[in-house]
Amino acid sequence: MIEVHALTKRYGDRTAVDALSFAVRPGRVTGFLGPNGAGKSTTMRLILGLDAPSEGAAWIGGRLYGDLRAPLCAVGSLLDAKGVHGGRSARAHLVALAAANGLPRRRVDEVLELVGLDPATAAKRTRGFSLGMGQRLGIASALLGDPEVLMLDEPVNGLDTEGIRWIRELMRGLAAEGRTVFLSSHLMSELELTAEHLVIIGRGRLLADTPMREFIDRHSRSGTLVRSPEAERLRAVLEEAGARVSADARGGWLAEGPSAEAIGGLARDHRLALSELTPLRSSLEEVYTEMVASATEFRGAGGERREREAAR
């Protein structure tokens, strides 16, 4: 379990993380979201003891990271997949980590197989690795100590469709074993399929700490996509019933207000044939984008870079 209490980090007159408090509980995948520059990377670094907080504290399993007797066996992390010596092979990198943490060498072979790095690839120097191969090595490093807590920052970067599906199933499987999984990603569609809970921050402050489905349902704009051969007559009937009707890019009408069941009843009562009646729900990306619009401190690709530079 990860516990964050009143965590604050200042860099001069700038506050990157502002009195942040939340808990990441075992047995589920928790997604960590926020716009560029929101403080996600800084928060993860603070939890892992890579930066010292200005105020507050973060605990892993009830202890500060620096007090853990065997950190790699308690928490596995991936913050930067490129943080590997380019002259070493993937196997040599993992063997060195295993030796430094008193882990058996057989564990290296286990995690290499788990992440899909075959012996020939594992023997290559990492400077020639693609981004996807580097991500797999980073995940292997995080899993090496068979930890109870996993913290991964953008783990699907560079992975192909098969690789993304693999990391999704791996994360959900580890959570099902009772482990704590904390996952940051900008790939909203994938996070919606993977995470059960969300922690969302903006400008270093907590915006939401909520179950995924509850968050989407609470902030969604309910609507129904409806089509009919008598489109204009259908629109008039819907508006008369109090629906907000607009043209949908997919064709037909987007009706907000009445439920799909109520619209079906209206069509029946007015003898209107329907060719489609589809209830719509906002995606995580749609709901999240609208929610954090006012909390976006840095727009464009430079936000995370500026956050990392401030952390140096």
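Could we say that R306 is in a helix (DSSP H, G or I) and modelled with pLDDT under 95 here? When the stated conditions are applied, R306 passes them.
For segment 72-100, the set of residues classified as touching a residue at least 60 places away in the same chain (Cβ under 8 Å) and assigned to a helix (DSSP H, G or I) consists of L72, C73, A74, listed by residue number. Here L79 passes the criteria (1) surrounded by fewer than 16 Cβ atoms within 10 Å (Cβ to Cβ); (2) touching a Ser or Thr at 6+ places or on another chain (Cβ under 8 Å) except the one numbered (1). Residues in segment 57-67 that are surrounded by fewer than 17 Cβ atoms within 10 Å (Cβ to Cβ) and either without any contact (Cβ under 8 Å) to a residue 40 or more places away in the chain or in a helix (DSSP H, G or I) (or both): R63, L64, G66, D67. For S275, the conditions (1) in contact with a strand residue (DSSP E or B) (Cβ under 6 Å, 6 or more places away or on another chain); (2) closer than 30 Å to T15 by Cα are fulfilled apart from (2). If you go through segment 106-151 and keep only what is in a helix (DSSP H, G or I) and β-branched (V, I, T), you end up with V108, V111, V115, T121, T126, I139. Applying the condition of being closer than 30 Å to K40 by Cβ and in contact with an Asp or Glu (Cβ under 8 Å, 6 or more places away or on another chain) to segment 271-293 and asking which residue is modelled with the lowest pLDDT yields R281. Of all the numbered requirements in (1) outside any strand (DSSP E or B); (2) modelled with pLDDT of 95 or more; (3) crowded, with 21+ Cβ neighbours inside 10 Å, G31 misses one, and that requirement is (1). Residues that are in the same structural domain as H93 (by TED's automatic domain parsing), closer than 26 Å to I2 by Cβ, in a strand (DSSP E or B) and modelled with pLDDT of 90 or more: does segment 152-174 have at least one? The answer is yes; a qualifying residue exists. Taking segment 41-56 as the range and being within 17 Å of V75 (Cα to Cα) and surrounded by fewer than 19 Cβ atoms within 10 Å (Cβ to Cβ) as the test, the residues that pass are L48, G49, L50. Taken over segment 59-72, the criterion of being modelled with pLDDT of 95 or more and either within 30 Å of E162 (Cβ to Cβ) or aliphatic (A, V, I, L, M) (or both) is satisfied by I60, L64.
Restricting attention to segment 90-131, the residues that are farther than 26 Å from R168 by Cα, in contact with a strand residue (DSSP E or B) (Cβ under 7 Å, 6 or more places away or on another chain) and of a type outside the set (D, E, K, R) total 1. Looking only at segment 178-187, how many residues end up being out of contact with any Pro (no Cβ under 9 Å at 6 or more places or on another chain) and modelled with pLDDT under 95? The total comes to 2. Check G134 against each of (1) surrounded by fewer than 17 Cβ atoms within 10 Å (Cβ to Cβ); (2) under 20 Å from the mean Cα position of the chain (by Cα) and name the one condition it does not meet. All conditions pass for G134, except number (1).
Close contacts from segment 243-270, counting a first residue that is in contact (Cβ under 8 Å) with a residue 40 or more places away in the chain and a second that is of a type in the set (F, W, Y) and in a loop (DSSP other than H, G, I, E, B), with Cβ to Cβ under 6 Å and a gap of 6+ residues or different chains, come to none at all.
Looking across segment 1-33, just one residue is among the polar types (S, T, N, Q) and either under 14 Å from W59 (Cβ atoms) or without any contact (Cβ under 8 Å) to a residue 40 or more places away in the chain (or both), and that is S21.
What about R127, is it among the basic types (K, R), surrounded by 15 or more Cβ atoms within 10 Å (Cβ to Cβ) and more than 19 Å from the chain's Cα centre (by Cα)? Against the criterion (among the basic types (K, R), surrounded by 15 or more Cβ atoms within 10 Å (Cβ to Cβ) and more than 19 Å from the chain's Cα centre (by Cα)), R127 does not qualify.
The values are calculated or read from the model by the stated rules, or taken from the named source; none is laboratory data. If you're wondering where the values come from, they're calculated on a predicted model, not measured in any experiment. Counting neighbours? That spans all protein chains shown, and the Cβs are built from the backbone with ideal geometry, glycine included.
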